[in-house]
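Below is one structure, written out as structure tokens, with a few remarks after it.
Since every read-out is calculated from the coordinates, none of them should be taken as a lab result. Bear in mind the structure is a predicted one, so any value in this text is a computation, not a measurement. Don't worry about glycine lacking a Cβ; one is built from the backbone with ideal geometry, like all the others, and counts go over all protein chains shown.
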Amino acid sequence: MATQHSRTAARIMMAPAVTLLLGWMLVPLIMTLYFSFKKYLPLRGGDLGWVGFDNYVRFVSSSAFWPSVTATLIIVGGVLLITICFGVLLAILLDQPMWGQGIVRILIIAPFFVMPTVSSLVWKNMFMDPNYGLLSYLWEFFGAEPIQWMSQAALPSIIIIVSWQWLPFATLILLTAIQSLDSEQLEASEMDGASTLRRFWHIILPHLSRAITVVLLIQTIFLLSIFAEIFVTTGGAFGSKTLSYLIFQRVLESQNVGLGSAGGVYAIILANIVAIFLMRIVGKNLDN
Amino acid sequence: MGQIILNQVRKTFGDVEVIPPLDLTINDGEFCVFVGPSGCGKSTLLRLIAGLEDVTSGDISIDGQSATELPPAKRGLAMVFQSYALYPHMSVRKNIAFPLRMAGLPKDEIEKRVTNAASVLNLTDYLDRRPGQLSGGQRQRVAIGRAIVREPAAFLFDEPLSNLDAALRVGMRLEISELHKRLSTTMIYVTHDQVEAMTMADKIVVLRAGNIEQVGSPLELYKAPRNTFVAGFIGSPKMNFIQGEQASALGADTIGIRPEHIDVSDTQGQWSGRVGVSEHLGSDTFIHVHDTGLGDTITVRAAGEVDFKHGDTIHLTPRADQIHKFDAQGLRI
């Protein structure tokens, strides 16, 4: 890309892709903004004209808004905590030389390839069903009352399901990071008298900090918008209604496009706030 | 403080015997260099002493106590790695303090020892930097600093200079030698570079395929190599080996003569040949002589600058008292 000529050519070559992606992003964004300022009820009179910031005020003042924000943050935080903790442990385990390493690694990664709806239904019906789920048999085996997962522990259930899906991703990224650790560093710390735990704390964990930040960033972006897992399990009941699910309900169940669009704009703002924070942290972590 | 004795130490990886049973004594305060071509087991031997590898059989004792079963940290040894193995996320100060923190020393004692080590190694101005911001030589010094604060019974160096450029290597060689003189602690140093071995060692251990070929002071090895391997390995450029008539005339299978022990002349000499490549170093000139009728190319050293051109005829005279004689097994006669 050295000469003026080749740079111009490169711009022309890139233009179609950039234009397409920009349109792909801008059209829905502008439509969301457009509808958020309208009273638009498809089955109850259609477009009923401009209402200013009315939708925005109503969305926030609704009793379902703050619980949904809390639920979103609990799910995102819970999944991040579980996937990163277990991801680090699994990565260390998989880094050990063992027989059948290749197969074990593929098996570990497998959950990532299962569609969210499928895995959620499998969890809901095969594991968490209070009557014939495997977990209820386990509880009964120990003489305990089986948990009604979906109603009694809706948020933990969703966190478990989503964590199961995302654990492979975290493990994979952390495993590659662990493999890049210089073994002489570990040997040096061993000579320096660091115990196994302290080696983990002082050498391995700092080495992984960059990879952990990347996992944190990417997962947060995807987890803020989880939907299928909630839709096929609790249907948003029992306190498991996230912000994205609330928006879905406003648009499709209440048939209020304007109100839902306003919620969508809030979601965009929330995601951007989180993204800015994360970018700051990542930027600091990736710099050195 | 720091006598290390290896008794019948043996190491195998699976079916491969890397180090056949081996005995070695390293005396307190000695600068001992393990030298040999790559793959000769010298690093493995060092790692066995450090405790980073388990011995298959045999016993290692440090200061009269068996250390064979002790974990690395309990052996009282400090190691400097080839890649320095500094902790990249810690400042120089924290790197040097790490072994002391792990040992649970009080804060002011740590601070005192780190400051002391830093001033010995000229690192005082860099204490708050990260290893990534240091040059190769400075990193090397931090690695040494991390070793000396522990006040170990012995230092282990695993090819510590191989990542430095030539000029820095000479400087660090001196610094390590000076450090040894000042601390008078036992040091074990692994290298494949015979120049490092010759210049630094009190005692050189020449290894080949896990076997000790010869142990001795640099000059003992230079003057009386026990076999052709040691003779060829020690000294630069390599010793010339001559077989056949010339050797049997002296009652040997092979005779060896170092390039610096051959006199050159353009008029007369015992052997004559054709000048090939001449390497002019200023102080010396190394001339590769072909077609001498002695087998291989003969390398000779002429002091200063000499006026031989490619293709010239040259006459060589070996100094009779400097000829090394070896039998059919390659052993010194």
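Computed from label points 7 Å out along Cα-Cβ, the spacing between A:Ala153 and B:Thr199 is 6.8 nm.
Counted by Cβ distance under 11 Å from B:Arg139, the other residues give a net charge of +4, where Lys and Arg count +1 and Asp and Glu count -1.
Of B:Val55, B:Ala166, B:Ile4, whose Cα points farthest to the positive end of the dipole of the stretch B:4-232 (charges on the beta-carbon: +1 Lys, Arg; -1 Asp, Glu; origin at the Cα centre)? The residue sitting farthest along the positive end of the dipole is B:Ala166. Please work out the C-alpha center-to-center distance from the stretch A:22-36 to the stretch A:38-100 and express it in whole Å. Centre-to-centre (Cα) distance: 20 Å. With only Cα atoms counted, the protein assembly as shown has Rg and Dmax values of 36.5, 120 Å.
Magnitude of the charge dipole for the stretch B:235-333, about its Cα centre and with charges confined to Cβ atoms of Lys, Arg (+1) and Asp, Glu (-1), is about 220 debye. Modelled spin-label separation between B:Thr12 and A:Ile273, with each label point placed 7 Å from Cα along the Cα-to-Cβ direction: 6.7 nm. Can you give the log10 of the normalised intensity I(q)/I(0) at q = 0.09, 0.14 Å⁻¹, computed with Debye over equal Cα scatterers of chain B? With no solvent term, the Cα-only Debye profile gives -0.59, -1.09. For the stretch A:4-287, a crude dipole built from +1 on the beta carbon of Lys and Arg and -1 on the beta carbon of Asp and Glu, taken about the Cα centre, is about 1060 debye to the nearest 20. Relative to one another, the C-alpha centroids of the stretch B:205-239 and the stretch B:292-333 are positioned 19 Å apart.
Applying a threshold of 20 Å to the alpha-carbon distances of B:Lys74/B:Lys107; B:Lys223/B:Lys325; B:Lys42/B:Lys94; B:Lys42/B:Lys74 flags B:Lys74/B:Lys107; B:Lys42/B:Lys94; B:Lys42/B:Lys74 as lying beyond it. A straight chain from B:Ser38 to B:Ala209 at 0.36 nm per residue would run longer than the Cα-Cα distance by 60.6 nm.
If you sort the three axes of the alpha carbon gyration tensor as a ≥ b ≥ c, you get a/c of 1.5 or more for the stretch B:233-333 and a/b above b/c, which makes it prolate. Extending 7 Å from the Cα toward the beta-carbon at both A:Phe86 and B:Lys112 defines two label points whose distance is 5.1 nm. So, R0 is 25 Å and r is the distance between the beta-carbons of A:Gln255 and A:Phe113; what FRET efficiency does that work out to, to 0.05? Calculated transfer efficiency: 0.10. The GluC sites (Glu not before Pro) of the stretch B:21-73 that DSSP puts in a loop, and whose beta carbon has at most 12 other beta carbons within 10 Å, are B:Glu69. Over the stretch A:69-145, the pair-distance histogram of Cα-Cα distances with 10 Å bins from zero comes to 15, 27, 39, 18, 1 percent, rounded to whole numbers. Every pair of different Cα atoms in chain A enters the Kirkwood calculation, which places the hydrodynamic radius at 22.4 Å. Across peptide B:82-95, the mean count of Cβ atoms from other chains lying within 10 Å of each residue's own Cβ comes to 4. Net charge of the neighbourhood of A:Trp139, taken over other residues with C-beta under 13 Å away and scored Lys/Arg +1, Asp/Glu -1, is -3.
Report, ordered by chain and residue number, the lysines lying within cross-link reach of A:Lys241, taken as a straight Cα distance under 27 Å and ignoring same-chain residues fewer than 8 apart. Filter leaves A:Lys38, A:Lys39, A:Lys124.
For the stretch A:1-81, the Kirkwood radius over C-alpha pairs fed into Stokes-Einstein at 25 °C and 0.890 mPa s yields D = 143 µm² per second. Cut-off under 29 Å on the C-alpha distance; same-chain residues fewer than 8 positions from B:Lys309 excluded. Which lysines are left, in chain and number order? Reachable lysines: B:Lys238.
Calculated FRET efficiency, B:Gln322 to A:Ser183, Cβ-Cβ distance, R0 = 45 Å: about 0.45 to the nearest 0.05.
Excluding same-chain neighbours fewer than eight residues apart, the aspartates and glutamates reachable from B:Lys181 by a Cα-Cα span under 18 Å are B:Asp28, B:Glu30, B:Glu151, B:Glu196, B:Asp202. Positive end of the dipole of the stretch B:237-326, charges at C-beta (+1 Lys, Arg; -1 Asp, Glu), about the Cα centre: which of B:His280, B:Ile323, B:Val300 has its Cα farthest in that direction? Selected residue: B:Ile323. Working from the pairwise distances between different alpha carbons, so that the mean of 1/r is found and then inverted, what is the stretch B:160-244's Kirkwood radius in Å? The answer is 14.1 Å. The charge dipole of the protein assembly as shown, taken about its Cα centre with unit charges on the Cβ atoms of Lys, Arg (+1), Asp and Glu (-1) only, comes to about 2660 debye. With the convex hull drawn over the C-alpha atoms of the stretch B:1-75, the volume per residue is 89 Å³.
Applying 0.36 nm per residue to the separation of A:Ser61 and A:Ala9 and subtracting their alpha-carbon distance, the gain on full extension is 13.5 nm.
The spacing between the stretch A:178-221 and the stretch B:79-114, judged by their C-alpha centroids, is 17 Å. Restricted to Cα atoms, the stretch A:215-283 shows a radius of gyration and a Dmax of 13.5, 42 angstrom.
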